[in-house]
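Below: one structure, written as structure tokens.
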Amino acid sequence: MKCWFCEEDARAVCSFCGRGVCRDHASKMSKFVGMFLGGNDTPKGLAVADVIWCGECQPQPEPIPMPELF
Ligand SMILES: [Zn+2]
Ligand SMILES: [Zn+2]
């Protein structure tokens, strides 16, 4: 697979959209994975830091409303 942006071989794949990116074009972003209940019933968010991001797509922090489906 080639990088989405150039002709280099892809070194990683965007965690959000699946585009391949070379080392020069890969960006990093924290990825919100889910919620869980911690001690004292405090809701906590579980995030993975430094996932690969192509820098091109726009991951949404929350589900996008799709009113046209209803
Ligand atoms: Zn590239
Ligand atoms: Zn992407």
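The values are calculated or read from the model by the stated rules, or taken from the named source; none is laboratory data. None of the values given here were measured: they were computed from a predicted structure. We place every Cβ from the backbone using ideal geometry, glycine too, and count neighbours over all the protein chains shown. Note: areas computed on protein heavy atoms with side chains; ligands, DNA, RNA excluded. Shrake-Rupley method; radii C 1.70, N 1.55, O 1.52, S 1.80 Å.
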Provide the FRET efficiency to the nearest 0.05 for the Arg11-Asn40 pair, computing r from the beta carbons and using R0 = 35 Å.
0.25
Calculate the tail of P(r) for the chain: the fraction of all Cα-Cα distances greater than 18 Å, expressed in %.
52
In the chain the accessible area split gives carbon plus sulfur, as whole percent at 1.4 Å, a share of 54
Run the numbers on the chain and let me know its relative contact order in percent, using alpha-carbon pairs under 8 Å that are six or more apart.
27
Let me spell out the model: positive unit charges on the Cβ of Lys and Arg, negative unit charges on the Cβ of Asp and Glu, origin at the Cα centre of region 1-57. What dipole size does that give, in debye rounded to 20?
120
In square angstrom, what is the accessible area per residue of the chain with a 1.4 angstrom probe?
81
Would you grab the residues whose amide H sits under 5 Å from the one on Lys28? Only those 5+ places off in sequence or on another chain, please, with H modelled 1.01 Å from N.
Trp53
Taking Lys44 as the anchor, which lysines have their alpha carbon closer than 18 Å to its alpha carbon, excluding any fewer than eight residues away along the same chain?
Lys31
